[in-house]
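Heads up, the thing below is written out as structure tokens.
The values are calculated or read from the model by the stated rules, or taken from the named source; none is laboratory data. The structure presented is a predicted model; accordingly, all values stated were derived computationally and were not measured. Glycine gets a Cβ as well: all are built from the backbone with ideal geometry, and neighbour counts include every protein chain shown.
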Amino acid sequence: MVKPIRDTDGPRHVAIIMDGNGRWATQRGRPRLFGHHAGARRVREVVEVCPDIGVKYLTIFAFSTENWKRTQVEVAGLMSLFRRYITREARALKEENVRVRFIGDRVRLDAKLVQLMDELEQLTSGCDGVNLTIALNYGGRDEVARATQRLAQDVAAGRLRPEDVNEETLPRYLDTHVLPDPDLVIRTSGEARISNFLLWQSAYAEYEFVDTLWPDFSAAELTRLVQGYGRRERRYGAVPA
């Protein structure tokens, strides 16, 4: 049983780089897509425990702008998995009061998937429990580039003065403009890099790199990491009081 955590003890926003699906499948002599399906099932457990541990916002990295470099078979399988996940989980997410958003560039995604994404966002728009954000065809550099283009268009149109552009202006153009910055970023599978994920937003986030492959990542492990966060001292460049 997961012990509830008071809101003041842990992070409000947790972001997760879900890594290790392919290796998990390979270790079992199965194709990589077998691991991706196992990883998708793991998402539900993680989302369900968030209210108990005080996590209001959960952002998961599902598919990066660089993942198109994988084999055509794997990419096609992942796109099919995303469509199936949305179709299968939509009702449960709404019943559990989960607000779902997607971030990333939708232009390259197929029309049916984009339609399902739009429908799920609309279906859960009135939910006020956990805020689940799914990064799909997302890259931090790509996000900043797209945001800068929109900002430049507003400057060119006279809606924004160049001298008013500062570090508080750009976030309003990011995909995550309605979300608070992540407090804790977790990467599974033993890799110690951030892989172009939430580059701007994570400037002062705490990081945890764990060896667990994503399909084995549990609610208990998330709880342990969230509890550990509460013991850290976050100074944002200042010195201890």
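What the table below lists for this structure:
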| quantity | calculated |
| --- | --- |
| Matching residues, the stretch 13-29, being over 19 Å from residue 71 (Cα atoms) and either of a type in the set (Phe, Trp, Tyr) or more than 12 Å from the chain's Cα centre (by Cα) (or both) | 27, 28 |
| Pairs with Cβ under 7 Å, 6+ apart, first in the stretch 86-107 and over 17 Å from residue 42 (Cα atoms), second assigned to a helix (DSSP H, G or I) and modelled with pLDDT of 95 or more | 94/123; 101/121; 102/117; 102/121; 105/142; 105/146; 106/114 |
| Which listed residue is over 29 Å from residue 67 (Cα atoms), exposed (fewer than 12 other Cβ atoms within 10 Å of the Cβ) and modelled with pLDDT under 95, from 238, 157 | 238 |
| Residue match in the stretch 114-121 (condition: farther than 26 Å from residue 51 by Cα, over 17 Å from the mean Cα position of the chain (by Cα) and assigned to a helix (DSSP H, G or I)) | yes |
| Residues of the stretch 205-234 classified as under 27 Å from residue 143 (Cα atoms) and at pLDDT below 95, total | 1 |
| Flag for residue 65 being crowded, with 16+ Cβ neighbours inside 10 Å, closer than 17 Å to residue 222 by Cα and among the polar types (S, T, N, Q) | no |
| Neighbours by Cβ (under 7 Å, 6+ apart or cross-chain): first from the stretch 124-146, part of a helix (DSSP H, G or I); second surrounded by fewer than 20 Cβ atoms within 10 Å (Cβ to Cβ) and polar (S, T, N, Q) | 140/196; 141/196; 142/65 |
| Output for the stretch 184-206, where each listed residue is assigned to a strand (DSSP E or B) and more than 22 Å from residue 66 (Cα to Cα) | 184, 206 |
| Residue list for the stretch 51-81, filter: under 14 Å from the mean Cα position of the chain (by Cα) and either in a helix (DSSP H, G or I) or hydrophobic (A, V, I, L, M, F, W, C) (or both) | 55, 58, 60, 61, 62, 63 |
| Residues that are without any contact (Cβ under 8 Å) to a residue 60 or more places away in the chain and within 14 Å of the chain's Cα centre (by Cα), drawn from the stretch 33-50 | 40, 43, 44 |
